[in-house]
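J.: Mind looking over this structure? Questions follow.
Every read-out reported here was derived from the displayed coordinates using simple, explicitly stated rules and does not represent laboratory data. Computed from a prediction, not measured in an experiment: that's the story for all the values here. In this analysis, Cβ positions are derived from the backbone assuming ideal geometry, glycine residues included, and neighbour counts consider all displayed protein chains.
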Amino acid sequence: MAQKSSTKDKYSILLPTYNERENLPLIIWLLVKSFTESGYDYEVIVIDDGSPDGTLEIAQQLQDIYGKDKIVLKPRAKKLGLGTAYIHGIKHATGNFIIIMDADLSHHPKFIPEFIKTQQENDYDVVSGTRYRGTGGVYGWDFKRKLISRGANYVTQILLRPGASDLTGSFRLYKKDVLHKLIDACVSKGYVFQMEMIIRARQLNYTIGEVPITFVDRVYGESKLGGNEIIGFVKGLLTLFATT
Ligand code: GDD
Ligand code: MN
């Protein structure tokens, strides 16, 4: 029952950036290459939060190279956090599908055609990349980081039984109208946001497909996930547990 993609389909890729000047040229090049090969219509929306390393200037140069219709810049003046960066980006998206991914090359654009194919096969509302099924995996994380991720997934699985294997990952494809409804339903704004989105998707009876992905730790720059984000995650999880 494969569903043919409509010729009007367009994919808006949201790329939040904070100090990603080394990574941005390569991720954008890979995205442009992938979409040029697959032939799907797309736009990349870069949401830079006033990165002190000059990420925005690099993004402007990339816009000159690839065109204003393909690279859309929606910067904010200062670091306001990942969750609100997505909300800001989606407001400007012209596609009927939204792809959310990290800009630091941990999420490889080569998986996107599989996301699209999986979505089309069952008309899924959400397709989530998963590190915890099939050929999925994590590379380059130390034991502590793996433990935190596994632990967060495990505890959430037990508490909320969401029926998806990777709750804290953010490499996903959404129907835009579905993403709007999920954002409206979500209360958290920090890193816990990823997890809440998938929990809410289940609650609202949206269908979720999964694609195994390999997550490779960044080579350039540093993770912005620190102790505060972990505390925020635990608080958010408990709030969800208490309220859902
Ligand atoms: N605009 C904006 N504002 N972008 C941000 C901000 C912010 O405040 N904080 C982080 N980013 C961007 C980064 O530049 C990167 O493109 C992406 O968001 C992810 O940030 P990282 O700092 O690289 O996150 P991570 O690698 O530690 O965490 C990843 O794995 C987590 C657990 O699986 C991300 O995919 C998380 O979303 C995920 O929860
Ligand atoms: Mn990262």
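J.: So who's got an amide H within less than 5 Å of the one on Ile13, skipping anything under 5 residues away but keeping other chains? H placed 1.01 Å off N, in plane.
T.: For Ile13, the qualifying residues are Glu43, Val44, Ile45, Ile99.
J.: As I understand it, the dipole of the chain uses +1 on the Cβ of Lys and Arg and -1 on the Cβ of Asp and Glu, about the Cα centre. Which of Leu105, Ala201, Gln61 lies farthest toward its positive end?
T.: Towards the positive end, the residue furthest out is Ala201.
J.: I need Met197, Met101 ordered by Cβ neighbour count within 10 Å, fewest first.
T.: Lowest to highest Cβ neighbour count: Met197, Met101.
J.: Still on this structure, I have one more. Only four residue types carry charge here, +1 at the Cβ of Lys and Arg and -1 at the Cβ of Asp and Glu. Report the dipole size of the stretch 122-244 about the Cα centre in Debye, rounded to the nearest 20. Mind dumping the intermediate values first?
T.: On the way: 17 positive and 11 negative charges, 38 e Å.
In total the dipole reaches around 180 debye.
J.: With each run of n ≥ 4 DSSP H residues scored as -39500 (n - 2.57), what mean residue ellipticity at 222 nm is computed for the chain after dividing by its residue count and rounding to the nearest 500 deg cm²/dmol?
T.: Numbers: 8 runs with 105 residues, N = 244.
One gets -13500 deg cm²/dmol as the mean residue ellipticity at 222 nm.
J.: Separate question: Pulled fully out, how much extra length does the chain show between Glu222 and Lys117, if you take 0.36 nm times their separation in residues and subtract their Cα-Cα distance? Numbers along the way, then the final one.
T.: Numbers: separation 105, 0.36 × 105 = 37.80 nm, distance 3.24 nm.
Contour length minus the Cα-Cα distance gives 34.6 nm.
J.: Another one. Name the residue from Ile158, Ser38, Gly129 whose Cα lies farthest towards the positive end of the charge dipole of the chain, charges +1 on Cβ of Lys and Arg and -1 on Cβ of Asp and Glu.
T.: Ile158
J.: Ranking Phe35, Phe115 by Cβ neighbours within 10 Å, fewest first, what do you get?
T.: Values: Phe35 21, Phe115 24.
Placing the least packed residue first, the sequence is Phe35, Phe115.
J.: Another one. Once you have the Cα-Cα distance between Thr135 and Arg150, take 0.36 nm times their residue separation minus that, and quote the gain in nm to one decimal. All intermediate terms of the calculation are to be shown ahead of the outcome.
T.: On the way: separation 15, 0.36 × 15 = 5.40 nm, distance 1.63 nm.
Length gained between Thr135 and Arg150: 3.8 nm.
J.: What is the dipole size for the stretch 22-143, taken about its Cα centre, with +1 at each Lys and Arg Cβ and -1 at each Asp and Glu Cβ, in debye to the nearest 20?
T.: On the way: 12 positive and 17 negative charges, 38 e Å.
Value, rounded to 20: 180 debye.
J.: Further question on the same structure: Can you bin the stretch 97-244 into rounded, prolate or oblate? Criterion: square roots of the alpha carbon gyration tensor eigenvalues sorted a ≥ b ≥ c, rounded for a/c under 1.5, prolate for a/b above b/c, oblate for the rest. Walk me through the numbers before you get to the answer.
T.: Values: a/c = 1.57, a/b = 1.04, b/c = 1.50.
Judged from the Cα gyration tensor, the stretch 97-244 comes out oblate (a/c at least 1.5, b/c at or above a/b).
J.: Please arrange Thr135, Thr156, Thr84 by counting, for each residue, the other beta carbons lying within 10 Å of its beta carbon, fewest first.
T.: Thr135, Thr84, Thr156
J.: A further question follows. Of the cross-linked pairs Lys146/Lys176; Lys68/Lys176; Lys79/Lys117, which ones have a Cα-Cα span greater than 24 Å in the structure shown?
T.: On the way: Lys146/Lys176 31 Å; Lys68/Lys176 21 Å; Lys79/Lys117 35 Å.
Over 24 Å Cα-Cα: Lys146/Lys176; Lys79/Lys117.
J.: Calculate the FRET efficiency for Gln60 and Ala242 from the Cβ-Cβ distance with a Förster distance of 30 Å, rounded to the nearest 0.05. All intermediate terms of the calculation are to be shown ahead of the outcome.
T.: On the way: r = 45 Å, r/R0 = 1.49.
Once rounded, the FRET efficiency stands at 0.10.
J.: If you place +1 on the Cβ of every Lys and Arg, -1 on the Cβ of every Asp and Glu, and leave all else neutral, what size is the dipole of the chain about its Cα centre, to the nearest 20 Debye?
T.: Numbers: 31 positive and 27 negative charges, 119 e Å.
Charge dipole, the chain, about its Cα centre: 580 debye, nearest 20.
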